Amino acid sequence: MEERPNTNDTHPDQTEQGEGNELREQNQPDNGQWPGYNQQEGQRVPKLKTPRCKKKTSASIKIAALNIRGHGVINPEHAENKWQHIRQIMYQRRIGIMVVGEAHLNLKRRDDIEHIHGASLKILFSQRQDTQNAASIAFVLNKNITNTEGIQTSEIAAGHALLMEMNWHGNEKLSILGIYAPNISMQENASFWEKIKLFFERNPRIKKPDLMMGDCNMVEEMIDRLPMRSDAAVAVDALDSLKNHLQLEDGWRSTYPSTLKYTFTRTAQDKTKHHARLDRIYNRTDVSKNLFEWKIETPGIRTDHDIVSVRFTLEEAPKIGTGRWVMPHHIIYDKKVRSLLNIEGIKLENHLSELGNQQWNPENNAQTEWAKFQQEFVKLARTCQRLDSFYTM
């Protein structure tokens with residue numbers, strides 16, 4: 001989110017105190033706590049083995065990111081309950097993993113949510129140590145379609161950057177860096193990107209993320225703001241340096257290089273609306289060929305951000321097209337179809353007999369006439385099928 005006045009639950013982030021001196025990694029337990037161990041900055045985090053995915057999962061997974069602007073109310077019957085909507089969105093849109101920014105989670109809130117939605121959702125989160133009503137980044141996993149066992153996480157910046165590594169399909173590993181960048185100042189924003197880069201430089205054994213996604217609270221190009229303007233060079237350069245180090249690219253912008261679309265809307269004091277594509281998904285350049293269905297959609301949750309998503313597939317996954325159309329058996333009894341077969345079919349048969357006694361013509365021969373008849377038949381049959389479906393609704 002961009003600059004926003006203080007409220008009881010969504011006041012802007014404050015400068016982190018000393019969070020750069022602590023790194024955590026854990027094999028996430030069911031209770032979501034951070035048991036792990038603390039390490040002084042500069043020491044390496046040991047590489048842990050990610051167990052094979054035993055759950056029967058699809059060869060593709062839909063991954064999304066959304067800033068929900070506060071945790072809302074836990075009561076599922078309350079109009080301000082956001083987690084009920086998150087569960088519905090993930091179920092209806094078949095989202096396997098969602099990165100939730102500005103979730104304002106703590107252990108009690110997480111436990112209350114999982115007490116209600118624990119059969120469907122598993123939540124891994126990182127919270128700021130100085131306050132529970134600001135920032136907080138979370139991974140929400142859809143238990144129905146996603147593996148939730150043996151997940152490893154590394155907290156890079158408390159409440160702002162959380163790295164998750166998992167086996168999402170068989171032995172296929174997926175590493176995602178969920179982010180909610182600070183919005184106090186562009187200098188703070190730049191320091192955030194520098195801190196992430198420093199983490200990977202000092203922990204080379206940790207897998208670099210396949211995806212980095214969330215609310216960046218800045219844009220790299222003027223085209224991503226309306227009215228157009230450039231963001232501070234200090235933040236843009238810091239993010240660019242991190243992208244080069246992790247070999248990341250803005251996948252949506254690479255797919256739609258000139259499209260104007262935004263994920264955040266703010267109304268200024270003079271009633272003018274400001275738009276920006278703050279929420280983005282960065283992917284490693286060598287996995288771009290495995291990413292499809294880039295989308296920016298309204299979430300249906302009370303927030304000023306849209307949801308961004310992409311589908312990640314196996315490199316060797318087969319391509320499944322639309323398939324071959326097959327005519328339903330009952331269409332053959334339709335009066336119009338039978339008339340075409342009887343009347344036009346007899347005409348075609350006589351015409352083909354005449355063509356058989358003539359010299360072959362590339363523009364008028366038995367093959368071309370038969371193809372035209374097939375096309376007319378299929379067109380009529382499909383029209384009748386649509387009408388039948390309409391009247392039986």
Being among the aliphatic types (A, V, I, L, M) and closer than 13 Å to Ala158 by Cα is the filter here, so list the residues in segment 104-123 that pass it.
Leu105
Segment 73-98 residues that are farther than 16 Å from Ala138 by Cα and among the acidic types (Asp, Glu), paired with ones that are buried (at least 19 other Cβ atoms within 10 Å of the Cβ) and modelled with pLDDT of 80 or more (beta carbon under 8 Å, 6 or more apart)
Glu80/Gly72
Name the residue that is surrounded by the fewest Cβ atoms within 10 Å (Cβ to Cβ), counting only residues in segment 134-173 that are of a type in the set (S, T, N, Q) and in a loop (DSSP other than H, G, I, E, B).
Asn171
I need every pair where a residue in segment 196-209 that is part of a loop (DSSP other than H, G, I, E, B) has its Cβ under 6 Å from the Cβ of a residue that is small (Gly, Ala, Ser) and surrounded by fewer than 16 Cβ atoms within 10 Å (Cβ to Cβ), sequence separation at least 6 or different chains.
none
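Can you tell me which of Ala79, Ala64 is among the aliphatic types (A, V, I, L, M), out of contact with any Phe, Trp or Tyr (no Cβ under 9 Å at 6 or more places or on another chain), at pLDDT 95 or above and on the phi < 0 side of the Ramachandran plot? Even if it seems obvious, please write down each step before you answer.
Details: Ala79 fails: at pLDDT 95 or above.
It is Ala64.
Taking segment 174-194 as the region of interest, how many residues are assigned to a loop (DSSP other than H, G, I, E, B) and in contact (Cβ under 8 Å) with a residue 24 or more places away in the chain?
Going through segment 174-194 one residue at a time, the tally reaches 4.
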Check whether at least one residue in segment 215-236 is on the phi > 0 side of the Ramachandran plot, of a type outside the set (Val, Ile, Thr) and in contact with a strand residue (DSSP E or B) (Cβ under 6 Å, 6 or more places away or on another chain), and report yes or no.
no
Among all residue pairs at least 6 apart or on different chains, which show Cβ distances below 8 Å where the first residue, located in segment 346-370, is free of Cβ contacts under 8 Å to residues at least 12 places away in the same chain and the second is among the hydrophobic types (A, V, I, L, M, F, W, C)?
Gly356/Ala366; Asn364/Leu355; Asn365/Leu355
Within segment 252-279, track down each residue that is in a loop (DSSP other than H, G, I, E, B) and hydrophobic (A, V, I, L, M, F, W, C).
Leu260, Ala268, Leu278
Considering only segment 108-122, state which residues are closer than 18 Å to Lys55 by Cβ and surrounded by 16 or more Cβ atoms within 10 Å (Cβ to Cβ).
Ser120, Leu121, Lys122
Has segment 271-278 got at least one residue that is of a type in the set (S, T, N, Q) and modelled with pLDDT of 95 or more?
no
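Any residue in segment 252-275 that is more than 19 Å from the chain's Cα centre (by Cα) and among the hydrophobic types (A, V, I, L, M, F, W, C)? Give the derivation first.
As a first pass, look at segment 252-275 and keep what is more than 19 Å from the chain's Cα centre (by Cα): 258, 265-275.
Subset that is among the hydrophobic types (A, V, I, L, M, F, W, C): 268.
Yes, there is a match, as at least one residue in segment 252-275 is more than 19 Å from the chain's Cα centre (by Cα) and among the hydrophobic types (A, V, I, L, M, F, W, C).
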Considering each residue of segment 360-377, count those that are more than 20 Å from Asn350 (Cβ to Cβ) and open to solvent by less than 50 Å² (accessible area, probe 1.4 Å), and give that number.
0
All but one of (1) at pLDDT below 95; (2) open to solvent by less than 10 Å² (accessible area, probe 1.4 Å); (3) within 28 Å of Asp130 (Cβ to Cβ); (4) hydrophobic (A, V, I, L, M, F, W, C) hold for Ile184; which doesn't?
(2)
Look at Ala233 and say whether it is open to solvent by less than 20 Å² (accessible area, probe 1.4 Å) and either in contact with an Asp or Glu (Cβ under 7 Å, 6 or more places away or on another chain) or hydrophobic (A, V, I, L, M, F, W, C) (or both).
no
Check off (1) farther than 20 Å from Leu163 by Cβ; (2) crowded, with 16+ Cβ neighbours inside 10 Å for Pro227 and give me the number that stays unchecked.
(2)
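The values are calculated or read from the model by the stated rules, or taken from the named source; none is laboratory data. In this text, all values refer to a predicted model and were calculated from it rather than measured experimentally. No Cβ is skipped: glycine too gets one built from the backbone with ideal geometry, and neighbour counts run over all protein chains shown. Just the protein is used for accessible areas: all its heavy atoms, side chains included, with ligands, DNA and RNA removed. Shrake-Rupley method; radii C 1.70, N 1.55, O 1.52, S 1.80 Å.
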